[in-house]
Amino acid sequence: MQRNWIHLRDVTRRFEQGGASCAALQGVGLNLPQGAFVAIVGPSGSGKTTLLHLLTGIDRPTSGRVYIGEWQLDGMDEESLARWRGRYVGIVFQFFQLFPTLTALENVQLPLELRPSLSVQRRRQQALAALEEVGLAGRAGHLPGQLSGGEQQRVALARALVRDPLLIAADEPTGNLDSASGQQVLELLQAVHRRGKTVLMVTHDERLSGAASHHVHLLDGRVVSAAPAVSADFEGGRTCGSVNWRSAAE
């Protein structure tokens, strides 16, 4: 297992807001081992989703370096980043992002369309295996509208897993679910982690964060704590938002 598989060096992400520039993340340094289950936590506006987007190549830093294993994401062009995401990253969104006119099986098969070397039969087999992994093989022929919210999120997780990625990123994966469905999703993420996958999860849910092996706590675009076995550092600057640390902690 690579100790500093995820490495951020002095990362800042700035956005233009009302004619002014503000930092969603500023001067962030972070090291995380391969195979960790990482909960990224903090109040709204603290930079959690921005950090997740940088770690998955959805967005780029304004300055600084982002390394995932042997890959330097900030140095890749858009085409290379898209290929990297498609091969090595599976993403789970809060609101599922399933195509309503496709069945569960067809939704899970979509990432495999980028691999024309796979036969139609092989794509179907892999998609069914992913649905089996999340306990939904029996619902393969159902449309999203015929599934509960928890079932839809499990289909979304199967879609993220179908290409056997190195990294699973989940942005508030239980934020739109009841507690029982959320627990099912958590247990599936834990099972993925036990298989050796690296899991990055943005969450406000204390139950989920308590199940993670590592925690990264953000406030005003800075890492204010990271544990265990995670190093973090930051520099000051103007941020997007004005959350007060004392009031947030209290």
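The figures follow:
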item	result
Selection within the range 30-49 - closer than 28 Å to Glu79 by Cβ and touching a Gly at 6+ places or on another chain (Cβ under 8 Å)	Gln34, Gly47, Lys48
Given (1) surrounded by fewer than 20 Cβ atoms within 10 Å (Cβ to Cβ); (2) within 23 Å of Leu51 (Cα to Cα), number of the condition Ala129 does not satisfy	(2)
Failed condition for Pro61, given (1) closer than 25 Å to Ala36 by Cα; (2) at pLDDT below 95; (3) in a loop (DSSP other than H, G, I, E, B)	(2)
Residues that are in contact with a strand residue (DSSP E or B) (Cβ under 9 Å, 6 or more places away or on another chain), within 19 Å of Thr49 (Cβ to Cβ), modelled with pLDDT under 95 and among the hydroxyl-bearing types (Ser, Thr, Tyr), drawn from the range 162-219	Thr203, Ser209
Matching entry among Leu188, Leu167, Leu147, Leu143 (being buried (at least 18 other Cβ atoms within 10 Å of the Cβ), in contact (Cβ under 8 Å) with a residue 24 or more places away in the chain and either over 23 Å from Leu200 (Cα atoms) or among the polar types (S, T, N, Q) (or both))	Leu147
Test for Asp10: is it of a type in the set (Asp, Glu), in contact (Cβ under 8 Å) with a residue 60 or more places away in the chain, out of contact with any Phe, Trp or Tyr (no Cβ under 7 Å at 6 or more places or on another chain) and over 27 Å from Ala191 (Cβ atoms)	yes
Residue ID - surrounded by the fewest Cβ atoms within 10 Å (Cβ to Cβ), chosen from residues in the range 94-109 that are touching a Leu at 6+ places or on another chain (Cβ under 8 Å) and of a type in the set (S, T, N, Q)	Thr101
Qualifying residue in the range 79-87 (condition: at positive phi and either without any contact (Cβ under 8 Å) to a residue 12 or more places away in the chain or not in a helix (DSSP H, G or I) (or both))	no
Residue within the range 117-126 that is touching a residue at least 12 places away in the same chain (Cβ under 8 Å) and small (Gly, Ala, Ser) present	no
Check on Ala158, at pLDDT 95 or above, under 28 Å from Ala211 (Cα atoms), out of contact with any strand residue (DSSP E or B) (no Cβ under 8 Å at 6 or more places or on another chain) and buried (at least 16 other Cβ atoms within 10 Å of the Cβ)	yes
Subset of the range 25-38 (residues that are at negative phi and surrounded by fewer than 24 Cβ atoms within 10 Å (Cβ to Cβ))	Gly29, Leu30, Asn31, Pro33, Gln34, Ala36, Phe37
Condition met for Ile91 (farther than 17 Å from Arg9 by Cβ, crowded, with 17+ Cβ neighbours inside 10 Å, of a type in the set (A, V, I, L, M, F, W, C) and in contact with a strand residue (DSSP E or B) (Cβ under 8 Å, 6 or more places away or on another chain))	yes
The range 1-24, subset assigned to a strand (DSSP E or B) and of a type in the set (A, V, I, L, M, F, W, C), residue surrounded by the fewest Cβ atoms within 10 Å (Cβ to Cβ)	Ala20
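So that you can scan it fast, the table gives a plain yes or no per residue for (1) at pLDDT below 95; (2) of a type in the set (Val, Ile, Thr):
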site: Arg3; (1), (2): yes, no
site: Leu8; (1), (2): no, no
site: Phe15; (1), (2): yes, no
site: Ala20; (1), (2): yes, no
site: Ala23; (1), (2): yes, no
site: Leu30; (1), (2): yes, no
site: Val41; (1), (2): yes, yes
site: Leu52; (1), (2): no, no
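The values are calculated or read from the model by the stated rules, or taken from the named source; none is laboratory data. No experiment lies behind these values; they were computed from the predicted model shown. Reconstructed Cβ throughout: ideal geometry from the backbone, glycine too, with neighbour counts over all protein chains shown.
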